[in-house]
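Chemist: Below: one structure in structure tokens.
The values are calculated or read from the model by the stated rules, or taken from the named source; none is laboratory data. All values derive from a computational prediction rather than experimental measurement. All Cβ positions, glycine included, derive from the backbone under ideal geometry; neighbour counts span all protein chains shown. When the accessible area is computed, the model is the full protein with side chains, heavy atoms only, and any ligands, DNA or RNA have been set aside. Shrake-Rupley method; radii C 1.70, N 1.55, O 1.52, S 1.80 Å.
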Amino acid sequence: SAEVLSDSLNKLSTDKVKVKVIRAGVGAITESDVLLASASNAVIIGFSVRPERKASELAALEKVDIRLHTIIYNVTDEIKKAMKGMLAIVYKETQLGHAEVRDTFRIPKVGTVAGCHVVDGKVTRDARVRLLRDNAVVHDGKVRSLRRFKEDVTEVRSPAECGLAIENFNDVKIGDVVESYITEKVAESATA
């Protein structure tokens, strides 16, 4: 079973994450196994075996992770999950909508509020916004307030109008475009 397990683990390697079996053997996990894992910054996988008492103590001292299993599929699943954790986090951006600034209002204690017409999609209070002027990004930030008539709202959909204030930014001009978007963390595929 040691050979089968080694082959299964080696087959999990991809272009982005490599799995390398440093040593495969039979019998209990020994102190020399722990020292090798410590020097190699590796994890010990015990399949239907247990570590010797001194090996367990040394592993705790050296901070070597020993994973014990009795089912081969659990080993491969755990290694696949560990591989996903080693990949870089990828952020995916999703555009929600665009609003055109039709007028601006200066309000004490709030700052500049843009009177907007949502031309497509929606603008939401918890989304991020980019202020575009002549198709160039002038500012990227958060929505400070979003109002429809005199009501605070969480979103405004096309073709409605709204009042929008951007956090820590007051240089909004008539004709600017507010682009509403969200970013989400996406786990990079280990197999791609």
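Chemist: Could you give the nm distance between label points at GLU3 and LYS20, where each point is 7 Å from its Cα heading toward the beta carbon?
Modeler: Result for the modelled spin labels: 2.4 nm.
Chemist: Which pairs, out of LYS80/LYS185; LYS142/LYS185; LYS11/LYS92; LYS122/LYS150; LYS11/LYS185, put more than 22 Å between their alpha-carbon atoms? Can you show the working numbers first?
Modeler: Working: LYS80/LYS185 19 Å; LYS142/LYS185 18 Å; LYS11/LYS92 29 Å; LYS122/LYS150 19 Å; LYS11/LYS185 28 Å.
Exceeds cut-off: LYS11/LYS92; LYS11/LYS185.
Chemist: Continuing with this model, one more query. Treating the angle as unsigned and between 0 and 90°, give the value, to the nearest 10°, between the Cα long axis of helix 31-40 and the longest Cα principal axis of the chain.
Modeler: 40 degrees
Chemist: At what distance in nm do the modelled label points of THR30 and GLU93 sit from each other, each positioned 7 Å from its Cα along Cα→Cβ?
Modeler: Calculated label separation equals 5.7 nm.
Chemist: Dividing the Cα radius of gyration by the Kirkwood radius, what Rg/Rh value follows for the stretch 1-106?
Modeler: Working: Rg = 22.2 Å, Rh = 16.6 Å.
Using Cα coordinates only, the ratio equals 1.34.
Chemist: In the stretch 126-140, which residues have a backbone nitrogen under 13 Å from the label point lying 7 Å from ASP152's Cα in the Cα-to-Cβ direction?
Modeler: In the stretch 126-140, the label zone of ASP152 (backbone N under 13 Å from the point 7 Å along Cα→Cβ) covers 126.
Chemist: While we're on this one: Rounded to the nearest whole Å², what accessible area per residue is found for the chain with the 1.4 Å probe? Walk me through the numbers on the way to the answer.
Modeler: Values: 12270 Å² over 192 residues.
On a per-residue basis, 64 Å².
Chemist: Would you mind calculating the gained length between ASP134 and ARG67 on full extension (0.36 nm times residue separation, minus the Cα-Cα distance), in nm to one decimal?
Modeler: Values: separation 67, 0.36 × 67 = 24.12 nm, distance 5.77 nm.
Using 0.36 nm per residue and subtracting the Cα-Cα distance, I get 18.3 nm.
Chemist: So, one more: Go ahead and estimate [θ] at 222 nm for the chain from helices alone: -39,500 (n - 2.57) per DSSP H run with n ≥ 4, summed, over the residue count, rounded to 500. Before the final figure, lay out each step's value.
Modeler: Working: 4 runs with 44 residues, N = 192.
Mean residue ellipticity, 222 nm, calculated: -7000 deg cm²/dmol.
Chemist: Now, a different point. At a 1.4 Å probe radius, carbon and sulfur cover how many percent of the accessible area of the chain?
Modeler: Details: 6260 of 12270 Å².
In the chain, the share of accessible area belonging to carbon and sulfur is 51 percent.
Chemist: Report, in whole Å, the centroid distance computed from the Cα atoms of the stretch 1-32 and the stretch 109-140.
Modeler: Cα centroid to Cα centroid, the span is 53 Å.
Chemist: Within 10 Å, count the other beta carbons around each residue, average over each peptide in 172-182, 142-152, and list them highest first. Provide the component values of the computation, followed by the final result.
Modeler: Values: 172-182: 17.6, 142-152: 13.3.
Highest to lowest by the protection proxy: 172-182, 142-152.
Chemist: Would you calculate the volume per residue, in Å³, of the smallest convex hull containing every Cα atom of the chain?
Modeler: On the way: hull volume 37.3 nm³, N = 192.
Enclosed volume per residue, from the Cα hull, is 194 Å³.
Chemist: Pairing the Cα long axis of helix 53-62 with the longest principal axis of the chain, what angle in degrees results, from 0 to 90 and rounded to the nearest 10?
Modeler: Tilt relative to the chain: about 40 degrees.
Chemist: How much of the DSSP bridge set in the chain is antiparallel, in percent, rounded to the nearest 5?
Modeler: Numbers: 46 of 51 bridges.
Of the beta bridges lying entirely in the chain, close to 90 percent run antiparallel.
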